[in-house]
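Colleague: Pasting in a structure now, in structure tokens, and then I'll have a few things to ask.
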Amino acid sequence: MAEKNYTELAREVVAKVGGRDNIVSVANCMTRLRFILKDDTIPNMDEVKAIKGVMGVMNQGGQYQVIIGTHVSDVIKFVQKEAGISEGDVMEEGKAKADSMRLVKKDSLFHAFVKTIQGCIMPIIGPLVASGIIKGILTILTTAGVLAATDGTYLVMYAAANAILYFLPIIIGFSAAKVFGMNQYVGACIGAALLYPDLLALVGGETSITFLHIPVQLINYSQTILPIMLACYFGSKVEKLSKKWIPQMLQLMFVPAVTIAITVPVTFLVIGPLMNIVSSLLASGVMLVFNAFPVLAGILLGAFWQVIVLTGLHGAFIPVLMNNLFTLGSDPVNAVLGITVWALAGVSLGYGLKVRNKEKKALGFGNLASCLCGVTEPTIYSIALPNMKNFICAFIGGGIGGGILAGLGGKMYSFVGDGLFRIPAMINPEGLDISFYGFIICALIAFVVSAVGAFIVNKAEE
């Protein structure tokens, strides 16, 4: 689509969601414009859907989501310009009004939770995926004997891949501070304190320490997300109170000092140990259910995960999946979720092979490429939803593949993207095993079953 069409598309979208006065902020994920509106009852969903270039609309998780497609990263610039806001900008007056309106909604707590998770974690998804891809490639190279774990090349590249995971509390601290409205650099400093080398060196040793004669439980907080998120929430409250009591001319120096001096000890004494227990219980609880009924869980997740993606609420599950991976070292749940992408890729292929219309055939094969790169929304909105039989084919293919993979005990070992990019994440650092081979086989099963189903249920003259 030409640039002039993006301008017109942006103008129409902004107008139909209520104009710039109704827009608090707008951001994007891989395929969607995600608006936070002052009043989300103003837009007429049918009118927004009717805009040329819009694939669908969802109003979920406190966000008004307009599905554009994989070129949304180009469209967002025009939308932000039309809305009169810059990237990452939030209009405080509008935000306050929107928040006050959401307090009367029954599901406002869930909306707040989803927005918090998205704000803290979604900005780092790209680097997390990059980390997983590089680790997968390194595992392949070491397994093939091309590199050894002691080689300088391996060590440098592993440092590049593992840095974001090791220093995750610092990075999450920076983004969480923005979400909670506090100084982002203070949030990063709180995260850095959790990783201070002198304290990490004592973890697991015989030496114990106290703070004001109170015993400190020493924990390795690298690769954790929940402790720093709660710490930044607490820190934001401390910062706000500090600003009320400290004279404005002294706030630049003393507000950060008070915030850090109070938040860091409280985090080491209370927040950190508490959230460490929560993390362990969360991972154990998920695995208890998954291990009790692995095949059933695999079938349900493999079949219906894309329904969660359809609602736009899949971001709320990311902390659970990340927690499994970081706490347990691997994750069978996310392994199964990767199968669903291949099921929709199969639907795209079956559809493209069956229809005769050149534009629709191109749509099918274009969506196939999108799915193989891990983006399923184009297939969902242009092929699966218009004909639910296609979605059912994906349910069947994904359910079969997911059930088999779960029964085989397949696990995911790093946080990466979907489609072809998921394959390196299935490589066990100790060597190729059933997770790798099983995933490839189950992905092909889901792909073929869904493709055959879609070829059968669609009509050539559709």
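Colleague: Whenever you get a sec, compute what percent of the accessible area on the chain sits on carbon and sulfur atoms (1.4 Å probe).
Modeller: Of all accessible area on the chain, carbon and sulfur atoms account for 66 percent.
Colleague: If amide hydrogens are placed 1.01 Å from N in the peptide plane, which non-local residues have theirs closer than 5 Å to the one on VAL57?
Modeller: For VAL57, whose amide H was placed from the backbone, the distant partners under 5 Å are ILE67.
Colleague: Another question, if that's okay. Given H placed on each backbone N at 1.01 Å, which residues far from MET412 in sequence or on other chains put an amide H within less than 5 Å of it?
Modeller: It is ASP331, ALA335, by chain and number.
Colleague: For the peptides 295-305, 257-267, 342-352, what is the packing order when you average, over each peptide's residues, the other Cβ atoms within 10 Å and list the highest mean first? List each step's numbers first, then the result.
Modeller: Values: 295-305: 21.7, 257-267: 19.1, 342-352: 30.5.
Put in order of decreasing packing, that is 342-352, 295-305, 257-267.
Colleague: Going 7 Å from the Cα of TRP245 toward and past its Cβ, which residues in the range 224-239 have a backbone nitrogen under 17 Å from where you end up?
Modeller: 234-239
Colleague: Please give, to one decimal in nm, the separation of the simple spin-label points placed at MET122 and HIS71, each 7 Å out from Cα toward the Cβ.
Modeller: According to this spin-label approximation, the distance is 2.2 nm.
Colleague: So what J values fall out for the range 441-447 if you push phi through Karplus, 6.51 cos²θ - 1.76 cosθ + 1.60 with θ = phi - 60°, rounded to Hz, Gly and Pro as x?
Modeller: In residue order, the calculated couplings are 5, 5, 5, 5, 4, 4, 5 Hz.
Colleague: Measuring from a point 7 Å past the Cα of VAL203 along Cα-to-C-beta, which residues in the range 258-294 have an amide N at less than 16 Å?
Modeller: What the label zone holds, given the 16 Å backbone N cut-off, is 267-280.
Colleague: Rounding to the nearest 20 debye, state how big the charge dipole of the chain is about its Cα centre with +1 on each Lys and Arg Cβ and -1 on each Asp and Glu Cβ. Each step should come with its number before you reach the end.
Modeller: Details: 32 positive and 28 negative charges, 176 e Å.
Charge dipole, the chain, about its Cα centre: 840 debye, nearest 20.
Colleague: Moving on to the next point. Which whole-Hz ³J(HN,Hα) couplings does the range 404-409 yield from phi under the Karplus relation 6.51 cos²θ - 1.76 cosθ + 1.60, θ = phi - 60°, glycine and proline marked x?
Modeller: Residue by residue, the range 404-409 yields 5, 4, 5, x, 6, x Hz.
Colleague: Each label point is 7 Å from the Cα along the Cα-to-Cβ direction; what then is the distance between the points at ASN428 and VAL146, in nm?
Modeller: It works out to 2.3 nm between the two label points.
Colleague: Additional query: May I ask you to list the trypsin sites (Lys or Arg not before Pro) in the range 343-410 that are in a DSSP loop and have at most 12 other Cβ atoms within 10 Å of their Cβ?
Modeller: Values: sites: LYS354, ARG356, LYS358, LYS360, LYS361, LYS389; in loops: ARG356.
Hits after loop and neighbour filter: ARG356.
Colleague: Give me the accessible area per residue for the range 344-462, probe 1.4 Å, as a whole number in Å².
Modeller: On a per-residue basis, the range 344-462 sits at 41 Å².
Colleague: If I take R0 = 51 Å and measure r between the Cβ atoms of ALA163 and ALA460 in this structure, what FRET efficiency does the formula 1/(1 + (r/R0)^6) give, to the nearest 0.05? It would help to have the intermediate numbers written out before the result.
Modeller: Numbers: r = 52 Å, r/R0 = 1.02.
Given R0 = 51 Å and the Cβ-Cβ separation, E is 0.45.
Colleague: Please compute the contact order of the range 330-391 in relative form: average sequence separation of alpha-carbon pairs under 8 Å and at least six residues apart, divided by the residue count, as a percent. Before the final figure, lay out the partial values.
Modeller: Working: 61 pairs, mean separation 20.4, N = 62.
With pairs under 8 Å counted, the relative contact order is 33 percent.
Colleague: Within the set LYS49/LYS354; LYS361/LYS459; LYS38/LYS81; LYS16/LYS38; LYS49/LYS361; LYS16/LYS49, which residue pairs have Cα atoms separated by over 20 Å? Present the calculation step by step, with values, prior to reporting the outcome.
Modeller: Values: LYS49/LYS354 27 Å; LYS361/LYS459 12 Å; LYS38/LYS81 18 Å; LYS16/LYS38 14 Å; LYS49/LYS361 23 Å; LYS16/LYS49 10 Å.
As for pairs spanning more than 20 Å Cα to Cα, those are LYS49/LYS354; LYS49/LYS361.
Colleague: Another question about this same structure. Relative to the compact globular guide of 2.2 N^0.38 Å, what is the alpha carbon radius of gyration of the range 180-298, as a ratio? Show your work: numbers first, answer last.
Modeller: Details: Rg = 17.7 Å, N = 119, 2.2 N^0.38 = 13.5 Å.
It is 1.31.
Colleague: For the pair LYS237 and PHE365, how long in nm is the line joining their label points, each one 7 Å along Cα→Cβ?
Modeller: If labels sit at LYS237 and PHE365, their model points lie 5.9 nm apart.
Colleague: Let me ask something else. Could you give the length gained on full extension between ARG356 and ALA261, defined as 0.36 nm per residue of separation minus the Cα-Cα distance, in nm?
Modeller: Stretched fully, the ARG356-ALA261 segment lengthens by 27.4 nm.
Colleague: How much accessible area per residue does the range 122-214 have, in Å², with a 1.4 Å probe? Intermediate results must be reported in sequence, preceding the final value.
Modeller: Values: 5010 Å² over 93 residues.
Heavy-atom SASA per residue in the range 122-214 reads 54 Å².
Colleague: So, one more: Under the rule of at least 5 residues apart or a separate chain, name every residue whose amide H is placed under 5 Å from the amide H of ILE23.
Modeller: For ILE23, the qualifying residues are LYS38.
Colleague: Measure of size requested: the Rg and Dmax of the chain, with Cα atoms as the atom set and Å as the unit; please supply both.
Modeller: For the chain, the Cα-based Rg and Dmax read 23.8, 79 Å.
The values are calculated or read from the model by the stated rules, or taken from the named source; none is laboratory data. If you're wondering where the values come from, they're calculated on a predicted model, not measured in any experiment. So basically every Cβ, Gly included, is an ideal-geometry build from the backbone, and we count neighbours across all protein chains shown. What goes into the accessible areas is simple: the full protein's heavy atoms, side chains included, and nothing from ligands, DNA or RNA. Shrake-Rupley method; radii C 1.70, N 1.55, O 1.52, S 1.80 Å.
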